[in-house]
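One structure below.
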Amino acid sequence: MIILLTNDDGIYAEGIQVLGETLSQNKNVDLYIVAPDHERSATGHAITMHRPLRAEEVKFPHNPALKGWSVNGTPSDCVKLAIEYLLPQKPDLVVSGINQGENLGTDVLYSGTVSAALEAMILGVPALAVSLATQKNPDYRFTANFLRCFLNVLGSHHLPEKTLLNINVPGKNHRDIAGIAITRLGLRLYRNAFEKRVDPRGKDYYWLAGKAVDEASPEEKDTDIAAVNNSYISVTPLHFDLTNYPLIEKLQEIKWKA
């Protein structure tokens with residue numbers, strides 16, 4: 001099985017390093033890493049068009065035999081370049097992560113982690129986006145070991161085409177994990193999204209900040225946000241079709257004038 005690892009935290013981030021070390025222990029896995037040369041968080045599905053991409057080979061101390069490249073582009077660039085040029089053949093699976101911090105609800109639209117998996121899906125490769133829902137003292141070992149077991153189970157099942165799984169692991173001690181929940185996306189907004197500041201020359205500028213506000217009623221227990229808040233590992237199937245199908249028929253009934 002050929003697995004491509006990528007992320008948006010950069011190729012030297014601890015999350016992808018631990019994941020690479022863990023998955024490379026599987027003898028039936030042929031592992032490659034292609035990731036940005038530095039952090040590219042919140043880049044969404046951006047691709048590079050107006051400057052050349054460069055891919056530099058990288059050696060990993062924990063596994064000198066592991067093949068890797070750092071790319072001066074976005075997470076989506078990395079996946080596209082890896083699948084279409086760098087890898088000797090098309091991978092069987094792309095895993096994006098382990099991201100530091102959750103990717104829940106509508107935040108997936110901004111996430112470089114999820115977008116990398118989305119690019120794989122567009123290119124016809126099944127994909128997982130994996131995030132650890134904490135920013136403080138992240139311990140990636142449990143998430144990496146969980147993913148290794150998850151892949152063993154997933155291997156006997158086939159994901160539908162054009163689908164990815166977005167996985168969020170609560171940043172808790174593994175003894176406090178309540179289980180696995182199959183979820184849908186919730187709605188996440190931010191209060192006071194921008195902070196106004198003044199630079200040394202007296203000019204105003206704005207810093208993106210804000211506090212997450214999860215828009216959900218207590219009855220909505222099937223969302224990824226609710227699952228992680230209740231100590232469950234959230235697994236959400238996603239696809240790129242944003243069509244509002246119920247509205248198509250209504251719009252077709254209107255007598256439009258050109």
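The values are calculated or read from the model by the stated rules, or taken from the named source; none is laboratory data. Keep in mind that what you see is a predicted model, and the values were worked out from it rather than measured. Because the Cβ atoms are built from the backbone with ideal geometry, glycine has one as well, and the counts that use them run over all protein chains shown.
Just one residue in the set 75, 91, 138, 126 is buried (at least 21 other Cβ atoms within 10 Å of the Cβ), more than 16 Å from the chain's Cα centre (by Cα) and touching a residue at least 12 places away in the same chain (Cβ under 8 Å); that residue is 91.
Looking at this structure, is residue 178 modelled with pLDDT of 95 or more, of a type in the set (Gly, Ala, Ser) and surrounded by fewer than 15 Cβ atoms within 10 Å (Cβ to Cβ)? In short, yes. Scanning the stretch 15-29 for residues that are among the charged types (D, E, K, R) and within 14 Å of residue 151 (Cα to Cα) yields a single hit, 27.
Residues in the stretch 25-53 that are assigned to a loop (DSSP other than H, G, I, E, B) and touching a strand residue (DSSP E or B) at 6+ places or on another chain (Cβ under 7 Å): 29, 37, 53. Among the residues of this structure, residue 83 does not count as one that is touching a residue at least 60 places away in the same chain (Cβ under 8 Å), part of a strand (DSSP E or B), among the β-branched types (Val, Ile, Thr) and in contact with a strand residue (DSSP E or B) (Cβ under 9 Å, 6 or more places away or on another chain). Could you tell me whether residue 119 is under 20 Å from residue 56 (Cβ atoms), in a helix (DSSP H, G or I) and either in contact with a strand residue (DSSP E or B) (Cβ under 8 Å, 6 or more places away or on another chain) or in contact (Cβ under 8 Å) with a residue 12 or more places away in the chain (or both)? So residue 119 fails the test.
Scanning the stretch 86-114 for residues that are part of a helix (DSSP H, G or I) and within 22 Å of residue 56 (Cβ to Cβ) gives 86, 112, 113.
Would you confirm whether or not the stretch 167-177 contains a residue that is under 23 Å from residue 240 (Cβ atoms) and in contact with a Pro (Cβ under 8 Å, 6 or more places away or on another chain)?
For the stretch 167-177, residues under 23 Å from residue 240 (Cβ atoms) and in contact with a Pro (Cβ under 8 Å, 6 or more places away or on another chain): absent.
Once the stretch 50-78 is narrowed to residues that are of a type in the set (S, T, N, Q) and within 16 Å of residue 20 (Cα to Cα), the residue that is modelled with the highest pLDDT is 70. Among the residues of the stretch 58-67, the one identified as touching a Phe, Trp or Tyr at 6+ places or on another chain (Cβ under 6 Å) and part of a strand (DSSP E or B) is 67. Listed here are the strands (runs of 3 or more DSSP E) enclosed by the stretch 148-240 that have at least 2 residues being in contact (Cβ under 8 Å) with a residue 12 or more places away in the chain and within 29 Å of residue 20 (Cα to Cα): 164-170, 179-182, 232-238. Condition check: surrounded by fewer than 21 Cβ atoms within 10 Å (Cβ to Cβ), of a type in the set (Lys, Arg), closer than 21 Å to residue 123 by Cβ and without any contact (Cβ under 8 Å) to a residue 60 or more places away in the chain. Does residue 67 satisfy that? Answer is yes for this residue.
Remark: residue 14 matches the filter, which requires a residue to be touching a residue at least 24 places away in the same chain (Cβ under 8 Å) and of a type outside the set (Lys, Arg).
Quick check, is residue 109 crowded, with 17+ Cβ neighbours inside 10 Å and either modelled with pLDDT of 95 or more or closer than 25 Å to residue 213 by Cβ (or both)? In short, no.
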